[in-house]
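Working notes for the structure below.
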Amino acid sequence: MKYLSTRGGMPPKTFTEILLGGLATDGGLTVPEAYPRLSGEDLAAMRGMRYRELAFEVMRRFADDIPAADLRAIIDKTYTAEVFRSDEITPLKTLEPGLHILGLSYGPTLAFKDVAMQLLGNLFEYVLAKENTEINILGATSGDTGSAAEYAMRGKRGIRVFMLSPQGKMSPFQTAQMFSLQDPNIFNIAVKGVFDDCQDIVKAVSNDLEFKAKYKIGAVNSINWARVTAQVVYYFKAYFAVTKSNDEEVSFSVPSGNFGNVCAGHIARQMGLPIRKLIVATNENDVLDEFFRTGVYRPRPETQHTSSPSMDISKASNFERFVYDLVGRDPAVVKDLWKQVDGGGSFDLGKTPFFAKVKEFVMESGVSCHANRLETIRHMYRQYGVMIDTHTADGVKVGLEHREPGIPLVCLETALPAKFEETIREALGREPERPAELVGLEKLPQRFEVMAADAEAVKRFIVTHS
């Protein structure tokens with residue numbers, strides 16, 4: 001399996017060659033030359049597999065330059081009941097016949113990002129040990145990516161993490177999860193701005209190829225291909241859990257900000273998983289919904305701060321991979337489109353033949369706001385006795401709008417409600433439970449640096465602490 005850039009300027013590389021990096025050398029995102037296709041026999045063999053076995057079957061097709069025995073050992077080390085509080089790893093909750101929530105928040109930081117990030121940490125450590133080298137991971141987070149990355153990388157040999165987050169824009173729980181870590185290889189930087197400022201800094205540093213090479217800059221955001229492929233696995237897990245045979249279809253509703261999670265669903269479908277619909281649920285930052293309704297991709301000049309902060313994103317960086325497929329995998333078209341976006345503009349595919357493929361790729365979308373979140377959280381608690389977080393509420397609200405009779409709907413969970421106590425109190429008038437080891441988290445000492453939204457300042461900080 002070889003990997004290319006969405007913008008066409010990178011020679012073909014292997015999985016381990018792209019593993020540690022973020023953006024390709026031409027500023028694009030890495031994608032496989034072709035998606036591996038699964039036969040009916042493959043799907044039949046995968047039905048009934050435990051999570052670790054499923055993960056191996058999916059990942060070995062993308063990471064075929066890692067010896068099978070090594071890859072299996074890395075996966076077996078990652079997906080354990082000790083790490084994920086359940087041997088199911090991603091247990092399914094059935095609310096009523098045909099309506100389900102996929103539990104993705106059982107990892108160390110109580111968010112879906114753990115599922116991929118824990119694997120990424122072990123993959124990084126494996127490759128760095130083989131190459132006897134080190135890496136400086138530069139990331140941006142709007143809430144959950146940062147803590148998931150830091151908990152996956154803390155104490156790992158040869159890895160330092162520099163994580164940017166928008167100052168004052170995350171929940172107190174999310175902030176404490178990151179800033180309370182005292183590990184010497186973890187550096188938190190609170191940026192005076194919004195998430196998109198943080199993401200722009202990461203891209204600016206990654207595009208400085210000389211600096212990136214000299215200081216061995218790597219990435220863990222959803223632009224990292226390994227993260228996306230690890231997320232593909234739980235679509236298979238959920239599909240097998242809610243169906244009896246492989247001729248049935250399933251729809252998935254996915255809370256979406258940076259488009260990495262739903263992109264994994266798109267990849268699963270390209271591999272042959274019988275997905276009926278992929279429903280993209282946005283919050284008030286509705287850039288993606290506008291595109292799927294109109295064909296216009298128009299990043300906003302300002303990002304709204306909402307009660308589902310992990311989705312407070314106005315430039316969905318991972319969206320470029322989907323558009324690459326949408327325009328027939330033509331890198332020249334993608335390069336031209338993102339030249340407009342990177343210049344502060346937008347693009348419109350609505351009147352082009354490309355936009356018709358959105359329906360072929362079974363994408364639909366919708367928007368949720370704060371009032372919708374409160375209403376959905378209350379409904380889920382009263383109707384099913386299930387407490388959900390704000391992002392999952394966005395996914396449930398939009399998913400139900402697109403639900404079809406006779407087609408199972410799986411709503412992907414984002415995080416445990418404990419991470420967003422303020423909104424849960426507003427909706428239900430009570431505190432969400434949190435795991436015992438995280439009680440009093442916000443009272444722990446916090447360690448972080450406050451910095452202007454300045455890529456050069458971040459570079460200087462990395463140099464000083466490398």
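No lab work stands behind these numbers, since they all come straight from the coordinates. The model shown is predicted, which means the values in this text are computed figures rather than measured ones. A quick note on method: Cβ atoms are made from the backbone with ideal geometry, for glycine too, and the neighbour counts reach across all protein chains shown.
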Highest-first arrangement of 266-274, 282-290, 238-246, 251-259, where packing means the average Cβ count within 10 Å: 251-259, 282-290, 266-274, 238-246
Size of charge dipole - the chain - debye, nearest 20, with Cβ of Lys, Arg +1 and Asp, Glu -1, no other charges: 360
Gap separating the Cα centres of the stretch 373-432 and the stretch 34-106, nearest whole Å: 25
Point-charge dipole on Cβ atoms (K/R +1, D/E -1) for the stretch 74-141, about Cα centre, debye to 20: 120
Cα centre as origin, Lys/Arg/Asp/Glu Cβ charges: the stretch 308-466 dipole, Debye: 80
Span from the the stretch 258-296 Cα centroid across to the the stretch 327-342 one, whole angstrom: 19
Surrounding net charge for V358, when Lys and Arg each add one and Asp and Glu each subtract one, Cβ distance under 10 Å: +1
Calculated on alpha-carbon atoms, Rg and Dmax of the stretch 82-139 in Å: 15.7, 52
At 1.306 mPa s and 10 °C, Stokes diffusion of the stretch 1-114 via Kirkwood alpha-carbon radius, µm² per second: 96
Residues whose placed amide H lies under 5 Å from that of A140, excluding near-sequence neighbours: L164, N221
For the stretch 133-149, 3J(HN,Hα) per residue [Karplus equation, 6.51 cos²θ - 1.76 cosθ + 1.60, θ = phi - 60°, Hz, x = Gly/Pro]: 9, 10, 8, 10, 8, 10, x, 10, 9, 9, x, 9, 4, x, 5, 4, 5
24 Å tail of the calculated P(r), the stretch 86-189, as % of Cα pairs: 31
Relative compactness, the stretch 329-445, computed as alpha-carbon Rg over 2.2 N^0.38 Å: 1.48
Burial order of peptide ranges 72-85, 448-461, 18-31 (average beta-carbon count within 10 Å, highest first): 18-31, 72-85, 448-461
³J(HN,Hα), Karplus 6.51/-1.76/1.60, whole Hz, each residue of the stretch 249-264, x for Gly, Pro: 10, 9, 9, 10, 10, 10, x, 10, x, 9, 6, x, 5, 6, 4, 4
Most to least packed among 219-225, 49-55 [average Cβ atoms within 10 Å]: 219-225, 49-55
Reachable lysines from K277, criterion Cα separation under 27 angstrom, eight or more residues apart if same chain: K93, K113, K237, K244, K315, K351, K357, K359, K397
Hydrodynamic radius of the stretch 269-356 per Kirkwood, over alpha carbon pairs, in Å: 14.1
Globularity index of the stretch 143-229, i.e. its alpha-carbon radius of gyration over 2.2 N^0.38 Å: 1.08
Eligible aspartates and glutamates near K192 by straight Cα distance, threshold 20 Å, same-chain separation 8 or greater: D144, D200, E302, D312, E449, D454, E456
Hits among aspartates and glutamates - C-alpha to C-alpha of K13 under 13 Å, sequence gap 8 or more where chains match: E33, D64, D65
Listed residues I159, L441, A190: farthest to the positive end of the dipole of the chain (Cβ charges): I159
Estimated inter-spin distance, R60 and E404, nm [label 7 Å along Cα→Cβ]: 3.4
Label zone at N207, where the point sits 7 Å out along the Cα-to-Cβ direction: the stretch 438-465 residues whose backbone N lies under 17 Å: 453-459
